[in-house]
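Novice: Supplied in structure tokens, the structure appears directly below.
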Amino acid sequence: MEILHNMGIFTLEIVSEGDMATIYTIRQEGHARSEYGKFLAACPDGSSLEESYRLLDILVTQQLADDFGVDLRFFRHEGFVMGLPPSPKAEPQDRTFMKEVNWFVPGFPLRLFCYPVSDKILIVFNGGEKKSQKMQEDSKMELKRREAESYAKRINNAIRDGYITPSKDGFFLEDGESQEGITLY
Amino acid sequence: MAKIRSKEVAEFQARTPEDLKIFARHYAALVVRIGKILEMQGITQAELAKRMEKQPSEISKWLNGEHNFTLRSIAKLEAELGEKLLYIPKPDEFVVIKNSNVTGTSRRSSREGFSGKFISTEQQVEGVKFSPRAS
């Protein structure tokens, strides 16, 4: 059954695979870049921000994937209603567990929205430069946060409904098929 | 190393300087190790601050990623915690690396570097190349 949501049809794509975790992003149908790709594309080459983008990218795609897993000490609560992703057998919930990656450089200037599904699976979305301490004061960032939350909720629902299953090796469809390029409607 | 499956990410990382990749790995590993040692020893940040005669806010910055560690501050932490934070091979020591992880060390007997199979006293590790000593 195809359900049209505000965010349209999107696909879960693997960004990186390591010994400790699999990092996903999503690509909206018809978009040239994934959400994480959009985040990286905004990196202003040659600027003072470039190093921050690259550090954050290494943390997410290499270190969380290979060294630490989805370790919550690297995340900061983003002010969403919290709740762990329920197992498929749990009662339906409409809460998601959204975080922001918090990196270790003095006055780190970036935000990256993400959804830690488990200690083995992380989904990264978009983000950008912090232009104010309170995100509500930055309308563009607030929009990205809402978009990320919307994707996260739909992924959470797909897990809850059993359409996709998180495992130690990543996501699998309910029939056990390949975890790559899972499309959510 | 984690395998990058995204073309756009691979292209981005191809332009990331190697020293930045190394710094990122070292920094995160250091902060996580310190955090774990504190957990194991049941020490709070406040207690550590008191022992080191520093302000709690300063220790908090150290442990929450707002501090560029110097060798001196790492040495102070090692002394206070009684645990190694940093390992640097001795001049005549080889580090055995397998799948990006250090799996052993060995002293070399000649000045020449070499590669090949390394058989430790504990287990046989095949297909492992010796890396030359850090200069």
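The values are calculated or read from the model by the stated rules, or taken from the named source; none is laboratory data. Please read these numbers as outputs of a predicted model, since none were measured by experiment. Please note: Cβ atoms are built from the backbone with ideal geometry, for glycine as well, and neighbour counts cover all protein chains shown.
Novice: Any idea how many residues of the range A:24-39 are surrounded by 21 or more Cβ atoms within 10 Å (Cβ to Cβ) and assigned to a helix (DSSP H, G or I)?
Specialist: Of the residues in that region, 4 qualify.
Novice: Is at least one residue of the range A:54-68 aromatic (Phe, Trp, Tyr) and modelled with pLDDT under 90? First the steps, then the outcome.
Specialist: Applying the first criterion (aromatic (Phe, Trp, Tyr)) to the range A:54-68 yields A:68.
Applying the additional criterion that residues be modelled with pLDDT under 90 yields A:68.
Yes, the range A:54-68 contains at least one residue that is aromatic (Phe, Trp, Tyr) and modelled with pLDDT under 90.
Novice: For the range A:11-23: of the residues being more than 7 Å from chain B (Cβ to nearest Cβ) and in a strand (DSSP E or B), which is farthest from A:Phe68 (Cα to Cα)?
Specialist: Step one: filter the range A:11-23 for residues more than 7 Å from chain B (Cβ to nearest Cβ), giving A:11-12, A:19-23.
Now narrow it down to the ones that are in a strand (DSSP E or B): A:11-12, A:22-23.
Working: A:Thr11: 26, A:Leu12: 22, A:Thr22: 11, A:Ile23: 12 Å.
For the range A:11-23, the residue satisfying everything is A:Thr11.
Novice: How many residues does the range B:15-57 hold that are more than 23 Å from the chain's Cα centre (by Cα) and closer than 22 Å to A:Cys43 by Cα?
Specialist: 1
Novice: Going through the range B:1-27 one residue at a time, which ones are of a type in the set (A, V, I, L, M, F, W, C) and under 18 Å from A:Gly18 (Cβ atoms)?
Specialist: Just the residues of the range B:1-27 that are of a type in the set (A, V, I, L, M, F, W, C), to begin with: B:1-2, B:4, B:9-10, B:12, B:14, B:20, B:22-24.
Selection gives B:Met1, B:Ala2, B:Ile4, B:Val9, B:Ala10, B:Phe12, B:Ile22, B:Ala24.
Novice: Counting just the residues of the range A:158-170 that are of a type outside the set (Gly, Ala, Ser) and surrounded by 18 or more Cβ atoms within 10 Å (Cβ to Cβ), which one comes out farthest from A:Thr61 (Cα to Cα)? Before you say what the answer is, go through the steps one by one.
Specialist: Going through the range A:158-170, the residues of a type outside the set (Gly, Ala, Ser) turn out to be A:159-161, A:163-166, A:168-169.
Next, only the ones that are surrounded by 18 or more Cβ atoms within 10 Å (Cβ to Cβ) stay: A:159-160, A:164, A:166.
Details: A:Ile159: 23, A:Arg160: 26, A:Ile164: 22, A:Pro166: 18 Å.
Residue satisfying both the conditions and the ranking: A:Arg160.
Novice: What's the number of the only condition in (1) more than 14 Å from chain B (Cβ to nearest Cβ); (2) surrounded by 19 or more Cβ atoms within 10 Å (Cβ to Cβ); (3) within 22 Å of A:Lys38 (Cβ to Cβ); (4) at pLDDT below 85 that A:Ser132 fails to meet?
Specialist: Here A:Ser132 meets the rest and fails (2).
Novice: Which one is surrounded by the most Cβ atoms within 10 Å (Cβ to Cβ), of the residues in the range A:135-146 that are out of contact with any helix residue (DSSP H, G or I) (no Cβ under 8 Å at 6 or more places or on another chain) and not basic (Lys, Arg)? Working first, answer last.
Specialist: Filtering the range A:135-146 for residues out of contact with any helix residue (DSSP H, G or I) (no Cβ under 8 Å at 6 or more places or on another chain) gives A:137-140, A:143-144, A:146.
Now drop any that are not not basic (Lys, Arg), which leaves A:137-139, A:143.
Details: A:Glu137: 10, A:Asp138: 18, A:Ser139: 9, A:Leu143: 11.
For the range A:135-146, the residue satisfying everything is A:Asp138.
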